[in-house]
Structures are given as C-alpha cells and as structure tokens.
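*Asks:* Before I ask anything, let me first share the structure, which is written out below as structure tokens.
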Amino acid sequence: MLRRLMAAVAGVALCGALAACGSGGSASGDDDAITMGFSQVGAESGWRTANTKSIREAAKAAGIELKFSDAQQKQENQIKAIRSFIQQRVDVIAFSPVVETGWDNVLLEAKRANIPVILTDRAIDSDDESLYETFLGSDFVEEGRKAGEWLVEDSKGEGTVNVVELQGTTGSAPALDRQEGFQEAISGSDIKIIASQTGDFTRSGGKQVMEAFLKSHSDIDVVYAHNDDMGLGAIEAIEAAGKKPGEDIKIITVDAVKDGMQALADGKINFIVECNPLLGDQLMDLVQKVVAGEQVPKRVVVEETTFTQEEAKKVLPERQY
Amino acid sequence: MTTTARDALIRAGRSRLTWPVLALVALLLVNVIVTPSFFDIRLQDGHLYGSLIDILKNGAPTLLIALGMTLVIATRGIDLSVGAVVAIAGAVACTSIAGAADSGGAAAAFTGIGLALLLCAVLGFWNGFLVSVLGIQPIIATLVLMITGRGIAMLITDGQIVTVNNPYYAGVGAGFVVLPVAILISVGMFALVGLVTRRTALGMLIESVGINPKASRLAGVRSRTIVWTVYVFCALCAAVGGLMISSNVSAADANNAGLWIELDAILAVVIGGTALSGGRYSLTGTLVGALLIQTLTTTVYTTGIAPEITLVFKALVVIVVCLIQAPKARALLRRRRTPVAPPNAAAPPEPAVAVETTPTRKVGQR
C-alpha cells in the first residue's frame, strides 16, 4: 500500500509542472484559483503603500490567491521570499526588485520549477531575458518627455526659459530616465537647464537645493522636480524668498501624490506628470494570461496621464493616494 | 615685535581649531569667487535673507546634535541612534498635530512638541541605561535604537509622509525672529552647555569620566549618573534637531529625515578636535565643524558641482581637513617649515606634539 502510494507520488512528480500545479492546488482545496506570490519593496512612501493596496484589492477582485511578502527594502529578504514561493509551488511570482542586479540565480530556480515571473514597477539588469515573462511598470523616460513637452508648449514665444532641475537620488533609474526624457523633449527649443542638483527625492533635500539655487541664480523661470516631494520643498524655498510659486517661478513635477495634487489645485505647481502606482488590475490581467499560457509582450507600460491645475481640482476629491 | 607676531602664528598653528577655521574660510572664498553675491544679506519680509543665513538655518540641526554628541564622546561613548531619534521626534510631533482637533492651533503644536521631547527623553534614558547600568559598549547599545528607531518612526507614521499645516510648528524650523529660529535655539543651547560645563566643575567631571571611568569613580565622581545624563541630553538634542528638520518642511518623513545625520554629527565633533577616545572636548571646535559640514553642502549646491561627483568632493575636503589635523601630519608640516633651524631650535615641536596628544588638560581652557 505504502509502496503504491510512493509510486503514485513519484509519478505525479515526473509528470512535470502541470501535474505539480494540480497537486498543489488540491492541497489548498481549490483547483481553479491561481496562487500568486508577490514580494514588495517595502512601505517607504505613500506611493508604495498605494501600490501595495492596489495589488491586494485587484487580486481579491480577480479571485487570485495572494501570498504577500514585504522585503523591507532588502534584496536578501526578497530572495528568501521568492525561494519560499518556489517551495510553496505558487502558480506565478511577481515582485518589484529592490535593486537592479543579482537576480539571475533565484530567477533561474523559479524557471527550473516552471514558475513564471513578472516584474512590476522596477526592471532588473540581466542578460538573460528568458528569466521573466514580462515587466509591468512606468516608462520614466516618457514621464520626463511629457514634462518637457508641456513646458515647450507652455513657454512658446516667451524667449529664453531658464530651468533648474531637482534630480532624484543620483544613479537611480527614475532620476536618470526622467532627466533623459526631459532633455530630449526640450532640445532645439529656447529652454535651457541652468542648474541641476540632486535633492534625493525628499522634501528637505528639494528645499535646501532650491534655497541655494535662488541665491546663485537670479533668473530662474521654471523648476523641474523629479518627484512631488522635492517640488513641495522648492515651493517653501520660493515662498521664503518672497516670490510666488506657480507664477513668478513655474513648477513641474512627476508622481501626482496627494500633497502634490493639492499644491497643483492651489496653483502652486503648474503641471504634474502622473507616475501611477495603481497597477493592480493590469497585473492581474497579465497573471491570468501568463498562467493560461498566452503570449504577453515583454514590456507593458502602466497607463498614466498628466494633470494641469484645472484637472487637479476636478480629480482631487477621488484621488486614492 | 616680529617675535610676538611669530609666536602668535606658531600658537595659531598649534591650535587644533586653526585648520578647520581656515578650511571654512577657504570654502566661503570659493563660494564668493563663483557667486559674487554669496555674502549678500538683505531684509526680506522682516527677516534676513541670504546664503549665509541658509547655512546657519540648515546647519542648526547638525550643530545641535553634534553638541549632544560632543558630550557623549567626551565620556568615551558614541551615540549612533541620533538619526533614528530625529525621525521619531518628527513622526511623533507631526502625527500628534495632524490628529489633533485643532490641527492649526498653538495648543496642538505644543502638545506635539512636548510629546516628541518626552518620548525622545525616554529613548535617551534607554540608551543611557544600556551603557551606564548594563555596561554594554556604547556603539552596540545605541546601534539597537539606530536600527529599530526608524521602524518605530514608520510605525508611528504608518509608512506615510505626514504633512501638517500649523504655523506655530513651522516656526521651529522655518520661522524667523530676524535670524532663523532654528539657529537661535541651537546657539542658545550651545551657550547654555558652555556655561554649565565650563563655568562649573561639570565639564571637568565629564572629561575625567572619559579619561578613566574607574579612577574617577574611585575618586568620588558619580560616573554612572554623568554617563546616563549625557545620553539623555544627546537624545533631547536629537529630538529638537528632528523637530527643526520636520518643521522646516512641515512634514515627517520617517524614511529620510535625519538619515546619516549621526555620521555628520560625529564628523563635526572630530573635525572640531575632540578625540573619539574620550576625555578633552572642544565645544567651539564642534561649532566650527558643524558649520564646515553645512558650508560644504551649500558650496556643492551653489557652485554647481555635478551630483555624480558631489560625494567625492566632500570626501576630499574632509580627508584634507582630517589629515592636516593629525598630530603626525602637523609635526611633519612644522618640520618642513623650519628646515635650516639649529637643532636646539628644532627641538620644541616635539614636546608640543606630545602635549597635544595627551588627553588631559587644564580645566577651563577652551
């Protein structure tokens, strides 16, 4: 009896991924439900918490069983989480990589276990593209481009426009790409970046840098901040200098978090490019397709928009984050 | 006449403060050359406005925290948890104010500030307890709070950036009474500590604990109480610094507020000539050190040094200042300056070096 049982178990194991999936499913009592393991970066910002919430809610709505793990911004935690997802034989693994490199080994383990991997929000740096099915995230270059295009349109016929740039954390993907896209969009116009410095994506960083810029440059027309928080810091610096943010000096930011949208509606910021954390529904859609074996594009861009002051006033009451 | 001038020069050259002060002046000069209007100060809406004022305002938290750190280091300790305490103070104050019924009122602001100071005093009490009662090495004891503190701050703010809109609270870090309120607080605390430790025996007691805790205890100094007190004081300084940082932007950012400020504070103390091995300490040195660090940051912003090489630039300045302060490097420099002097004239620098490296010194000497 025991021998027969063991033979059956061995047989199931030999049958490969599909059979293994079936036996895993029967253990949890429901054959049809998809199980997804998700490893989040952490809870470092309002943006991230909104991202987590969106994924949880979308999973519930789509009837996908979610195993959620918070990596507290450490790669080793994330690798541990992915290994445990592999052991639990989930149907699909999704994660937002804390850093870009060092994923080859653990993703190879997932590949050998026949578990598809989806990257969200952040990309990985690997030569082997077969390690993941698809990358769902924002196009930071496009965000920078949108910001630049708006400024080109807005400042038409105004002669030379002097821009100071508040960069994100030096070397981070959003900082590099948002700078690149913006420069691409303004090239050939009368818009000039006269100073550029990192504010580390923080309010106090943005404020300190802007204070210094205001003293070393008397001819600033526009501030381009890589996120809302630095823009909010810049607003305070501009006000302390006795100028009116949004009028004397125009402000363009990226992200569209609540405080930023509020400032936009109040007329202190002129334009915000959205960086949308609410990618839950798109993710669940991809998960279902990947599990069903359908072909998905290697790169899926999150649906994002832009906001002017009037649009901000309209949508502000229903913003989730 | 010339000999007295030379004596003064030699004395200045031997003072540990000379080089940091020179570095500070050099940095300011670089700024003026790049931005001729750097020293301009004008009156804007009833308060002073200019780059120098910015240096004072933004340097105030580091200065205050370095002040607490100086006393801790003088007792042969170190407090790595100040950055976490900064985050906690801001988180507690902002969360309390945002949750108050009248979140724009004075009462809410003072309740928030009071709560933050109270909690941070408790945290300092904890650090002091670990070090002075349980005898855990300071670097380990305060590492506990350094790691967990940010978690506590995150827990308080729920991982969000808490924004407040309270003019009274904003006054602490961004307000002006002609000069920035923040620097007035820091300088006030500085003067107070200077008065209390240098005009009474307290300063000497702190130094004696730092030089030899056992001997000073046997001599009747209550070393446990002193060590315990300096940790509470350091945490309070960090708390006020945290209030300044968070009120400057009217928001509490548990992740980034005061990140690595413990290292800035320790650096300010070291640049100021206080040895990490404890004992003698220099409050004026710490003041110069903290201003030097903030001027360095402002220089990077105003001179337009590319963000990619900012850290390298800062590292270079710090390395040069530290090297030039090292007793051996200074002895080398001095010898080079008097290469042809007769042997008996070249002798004096040797004992001078020996004196500088000895941690003991006369009471009351600054």
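The values are calculated or read from the model by the stated rules, or taken from the named source; none is laboratory data. Model, not experiment: these values are computed from the prediction. Because the Cβ atoms are built from the backbone with ideal geometry, glycine has one as well, and the counts that use them run over all protein chains shown. Please note that ligands, DNA and RNA were not included when accessible areas were found on the heavy atoms of the full protein model with its side chains. Shrake-Rupley method; radii C 1.70, N 1.55, O 1.52, S 1.80 Å.
*Asks:* Could you work out the mean count of beta carbons from other protein chains within 10 Å of each residue's beta carbon in B:159-167? Please list the in-between numbers first.
*Replies:* Details: counts 9, 10, 12, 1, 7, 0, 0, 0, 0.
Mean shielding by partner chains, rounded to a whole number: 4.
*Asks:* First compute the accessible area of chain B with a 1.4 Å probe, then give the percent of it belonging to carbon and sulfur atoms. Walk me through the numbers before you get to the answer.
*Replies:* On the way: 11860 of 16680 Å².
That share works out to 71 percent.
*Asks:* As a test, work out the antiparallel percent of DSSP beta bridges whose residues both lie in chain A, rounded to the nearest 5.
*Replies:* 5
*Asks:* How far is helix B:223-248 tilted, in degrees, relative to the longest principal axis of the Cα atoms in chain B, given as a value from 0 to 90 rounded to the nearest 10?
*Replies:* Around 60 degrees separate the two axes.
*Asks:* Using a 7 Å offset from the Cα along the Cα-to-Cβ direction at both B:Arg42 and B:Leu276, what is the distance between the two label points in nm, to one decimal?
*Replies:* Going by the 7 Å Cα→Cβ label model, 4.6 nm.
*Asks:* Tell me the angle of helix B:138-157 to the major Cα principal axis of chain B, expressed in degrees between 0 and 90 and rounded to the nearest ten.
*Replies:* 30
*Asks:* So for the protein assembly as shown, what percent of the C-alpha to C-alpha distances run longer than 33 Å?
*Replies:* Values: 132736 of 235641 pairs.
More than 33 Å apart: 56 percent of the Cα pairs in the protein assembly as shown.
*Asks:* Quickly estimate the mean residue ellipticity at 222 nm for chain B, helices only: each DSSP H run with n ≥ 4 gives -39500 (n - 2.57), and the total goes over all residues, rounded to 500. Please list the in-between numbers first.
*Replies:* Numbers: 17 runs with 255 residues, N = 366.
Result for chain B: -23000 deg cm²/dmol, rounded to the nearest 500.
*Asks:* For the pair A:Val99/B:Arg6, report the inter-label distance in nm, with labels modelled 7 Å from Cα in the Cβ direction.
*Replies:* It is 5.7 nm.
*Asks:* Give the peptides A:123-133, A:174-184 in descending order of average Cβ contacts within 10 Å, highest first. It would help to have the intermediate numbers written out before the result.
*Replies:* Values: A:123-133: 14.8, A:174-184: 20.8.
Ranking, from highest mean packing down: A:174-184, A:123-133.
*Asks:* Next question, about the same structure. How much accessible area per residue does segment B:40-280 have, counting only protein heavy atoms and a probe of 1.4 Å, in square angstrom?
*Replies:* With the other protein chains kept in place, segment B:40-280 gives 38 Å² per residue.
*Asks:* Estimate the FRET efficiency between A:Lys289 and B:Asp158 by the formula 1/(1 + (r/R0)^6), using the beta-carbon distance for r and 22 Å for R0, to the nearest 0.05.
*Replies:* The formula returns an efficiency of 0.05 here.
*Asks:* Pop out the Kirkwood hydrodynamic radius of chain B from its pairwise C-alpha distances, inverse of mean 1/r, in Å to one decimal.
*Replies:* Here the Kirkwood hydrodynamic radius works out to 21.7 Å.
*Asks:* A:Glu239 to B:Trp260: FRET efficiency via 1/(1 + (r/R0)^6), r the Cβ-Cβ distance, R0 25 Å, to the nearest 0.05?
*Replies:* The formula returns an efficiency of 0.35 here.
*Asks:* Given A:Lys53/A:Lys258; A:Lys268/B:Lys57; A:Lys243/A:Lys314; A:Lys60/A:Lys314; A:Lys53/A:Lys313, which pairs have Cα atoms separated by over 19 Å?
*Replies:* Table pairs above 19 Å Cα-Cα are A:Lys268/B:Lys57; A:Lys243/A:Lys314; A:Lys60/A:Lys314; A:Lys53/A:Lys313.
*Asks:* Still on this structure, I have one more. Pull up all non-local amide H partners of B:Phe176: gap of 5 or more, or a different chain, and H-to-H distance under 5 Å with H placed in the peptide plane.
*Replies:* B:Val181
*Asks:* Just how far, in whole angstrom, is segment A:115-158 from segment A:253-321 if you go by their alpha carbon centroids?
*Replies:* Taking the Cα centre of each part, segment A:253-321 and segment A:115-158 sit 13 Å apart.
*Asks:* Oh, and also: Expressed as a rounded percentage, what relative contact order does chain A have, with Cα pairs under 8 Å and six or more residues apart?
*Replies:* 16
*Asks:* Moving to a separate point now. Using alpha carbons only, how many degrees (0 to 90, rounded to 10) separate the axis of helix A:228-240 from the longest principal axis of chain A?
*Replies:* 20
*Asks:* Next question, about the same structure. For segment A:222-286, what does the relative contact order come out to in percent, with C-alpha contacts under 8 Å and a separation of six or more?
*Replies:* The value is 32 percent.
*Asks:* Would you please state the base-10 log of I(q)/I(0) at q = 0.12, 0.19, 0.23, 0.24 1/Å for segment B:78-151, with intensities from the Debye formula using one equal scatterer on every alpha carbon?
*Replies:* Log-scaled intensity ratios, in q order: -0.37, -0.72, -0.90, -0.95.
*Asks:* Something else: Determine, from the Cβ-Cβ distance of B:Val144 and A:Glu76 and an R0 of 30 Å, the FRET efficiency 1/(1 + (r/R0)^6), rounded to the nearest 0.05.
*Replies:* 0.90
*Asks:* Per residue of B:250-259, what is the mean number of Cβ atoms on other protein chains within 10 angstrom of that residue's Cβ?
*Replies:* Working: counts 5, 7, 1, 8, 2, 8, 9, 3, 1, 2.
The mean count of partner-chain Cβ atoms within 10 Å per residue comes to 5.
*Asks:* Per the Kirkwood definition applied to all pairs of different Cα atoms, how many angstroms is the hydrodynamic radius of segment B:115-166?
*Replies:* 12.4
*Asks:* In terms of modelled amide H atoms, which long-range or inter-chain residues lie less than 5 Å from the amide H of A:Ile193?
*Replies:* It is A:Val163, by chain and number.
*Asks:* Averaged over its residues, how many other protein chain Cβ atoms are within 10 Å of peptide B:41-49's Cβ atoms?
*Replies:* Values: counts 0, 1, 0, 3, 4, 0, 1, 0, 6.
Going residue by residue through B:41-49 and averaging, the value is 2.
*Asks:* Find how much the distance from B:Gln137 to B:Ile33 grows on full extension, using 0.36 nm per residue of separation minus their present alpha carbon separation; answer in nm with one decimal. Don't skip to the answer; put the middle values down first.
*Replies:* Numbers: separation 104, 0.36 × 104 = 37.44 nm, distance 4.68 nm.
Gain in length upon complete extension: 32.8 nm.
*Asks:* What percent do you get for the relative contact order of chain B when only Cα pairs under 8 Å and 6+ apart count?
*Replies:* Once divided by the residue count of chain B, the mean separation gives 29 percent.
*Asks:* Report the accessible surface area buried between chains A and B, summing both sides, using a 1.4 Å probe on protein heavy atoms only, in Å² rounded to the nearest 100.
*Replies:* Accessible area lost upon association: around 2500 Å².
*Asks:* Using every pair of alpha-carbon atoms in chain A, split the distances into 10 Å bins beginning at 0 and state the percent of pairs per bin, rounded to integers.
*Replies:* 6, 24, 28, 19, 13, 6, 3, 1, 0
*Asks:* With θ set to phi - 60°, apply the Karplus curve 6.51 cos²θ - 1.76 cosθ + 1.60 along segment A:287-300 and write out the HN-Hα couplings as whole Hz, x wherever there is a Gly or Pro.
*Replies:* Residue by residue, segment A:287-300 yields 4, 4, 5, 5, 5, 6, x, 6, 7, 10, x, 5, 9, 10 Hz.
*Asks:* Hey, which lysines would be in cross-link range of A:Lys111, C-alpha to C-alpha under 20 Å, not counting anything within fewer than 8 residues on its own chain?
*Replies:* A:Lys67, A:Lys80, A:Lys289, A:Lys298
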